[in-house]
Amino acid sequence: FRDYARWLATRENVRLHLCVQSGTRLAQELKSLSLPTLEFPSMCGPLPVGMSRRLARFQDELEIDWVHFHWKNDLPLVALAKSLARRRVCVIHSRHMDLPGPKRDPYHWYMYRSIDVFHAITRAVALQAMEHLPIPRSRIKQVYLGAAAVTRSPEESRLALRARLGLADR
């Protein structure tokens, strides 16, 4: 997430705002970006009403359009904030791990229905979401995480490096 936030902060058409757990290594590393940041003292828990009010105000005051979170334990915070905010936000949840089983009870129905886009990083996670979560299939998207394309060094640079390292020519 740290590298993704740094990359997003360089985009001209993106206004990035952060919400992080205070005192963490991530919070410290993202301070250098000098972005509007909301910090919470600890993990959220099953009904984080106070923290959700703070997040809703943050969203309203900064006119935030999109909330993107990765950690499933943040779902209650984000879902409650969405319902408390005056401003309508689009919630995106990226899921990186298997889903342990069905989440169709009233609590999970409320929480997962707040998600506008469920971003699954593999086909298996997308299929599990379709089977186990109360999210319409149209909101479940499979998007592989990417990496920048690698370009080869020019031949003469590689040969010079091989010679400097004492490696045989191929």
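The values are calculated or read from the model by the stated rules, or taken from the named source; none is laboratory data. Here the structure is a predicted model, which is why all the values come from computation and not from measurement. In this analysis, Cβ positions are derived from the backbone assuming ideal geometry, glycine residues included, and neighbour counts consider all displayed protein chains. Surface areas here come from the heavy atoms of the whole protein model, side chains and all, with no ligands, DNA or RNA. Shrake-Rupley method; radii C 1.70, N 1.55, O 1.52, S 1.80 Å.
Annotations for the structure displayed:
- The residue list 49, 7, 27 was ranked by how far each Cα lies along the charge dipole of the stretch 1-59 toward its positive end, using unit charges on Cβ atoms, and 49 comes out on top.
- Axis of helix 155-165 versus longest Cα principal axis of the chain: the two differ by about 80°, to the nearest ten degrees.
- With a cut-off of 13 Å between beta carbons, the residues surrounding residue 156 carry a summed charge of +2, where Lys and Arg count +1 and Asp and Glu -1.
- For the stretch 1-40, the square roots of the Cα gyration tensor eigenvalues, ordered a ≥ b ≥ c, give a/c of at least 1.5 with a/b greater than b/c, which places it in the prolate category.
- Here residue 71 sits with roughly 110 square angstrom of accessible surface, probe radius 1.4 Å.
- When the helices of the chain are scored as -39500 (n - 2.57) per DSSP H run of n ≥ 4 and the total is divided over every residue, the value at 222 nm lands at -11000 deg cm²/dmol.
- According to the Cα-based calculation, Rg over Rh for the chain is 1.12, with Rh computed by the Kirkwood formula.
- Average accessible area per residue (Å²) across the stretch 47-170 - probe 1.4 Å, nucleic acids and ligands excluded: 64 Å²
- Relative contact order, percent, the stretch 23-83 [alpha-carbon distance under 8 Å, six or more residues apart]: 41 percent
- With a Förster radius of 25 Å applied to the C-beta separation of residue 71 and residue 15, the computed FRET efficiency comes to 0.65.
- Relative contact order computed over the stretch 1-109 (Cα-Cα under 8 Å; 6+ residues apart), in percent: 20 percent
- Residue-count net charge about residue 52 - beta-carbon cut-off 13 Å; Lys, Arg +1, Asp, Glu -1: +2
- For the stretch 106-170, the list of chymotrypsin sites (Phe, Trp or Tyr not before Pro) that fall in a loop by DSSP and count at most 16 other C-beta atoms within 10 angstrom reads 144.
- Surface composition of the stretch 1-70: carbon and sulfur atoms hold 53% of the protein heavy-atom accessible area at a 1.4 Å probe.
- Among the listed pairs 103/141; 31/72; 72/103, those beyond 22 Å (Cα-Cα): 31/72
- Note on residue 108 and residue 86: the extension gain reaches 5.6 nm, defined as 0.36 nm multiplied by sequence separation minus the Cα-Cα distance.
- Peptide packing: for 77-90, 125-138, 10-23, the average count of neighbouring Cβ atoms within 10 Å per residue gives the ranking 77-90, 125-138, 10-23, highest mean first.
- Sorted largest first by accessible area at a 1.4 angstrom probe radius, with every protein chain in place, the residues 119, 68 fall in the order 68, 119.
- The length gained on full extension between residue 34 and residue 62, counted as 0.36 nm times the residue separation minus their Cα-Cα distance, comes to 8.6 nm.
- Charge sum, other residues only, whose C-beta stays under 9 Å from residue 128's C-beta, Lys/Arg counted +1 and Asp/Glu -1: -1
- Unit charges on C-beta of K, R, D, E only; dipole of the stretch 23-122, Debye: 220 debye
- In the stretch 21-117, GluC sites (Glu not before Pro) in a DSSP loop with at most 11 other beta-carbon atoms within 10 Å: 63
- Cα gyration tensor shape for the stretch 111-170, rounded if a/c is under 1.5, else prolate or oblate: prolate
- Mean separation of Cα contacts under 8 Å (6+ apart) over length of the stretch 66-132, as relative contact order %: 37 percent
- Only Lys, Arg (+1) and Asp, Glu (-1) charged, at Cβ; the chain dipole about Cα centre in debye: 160 debye
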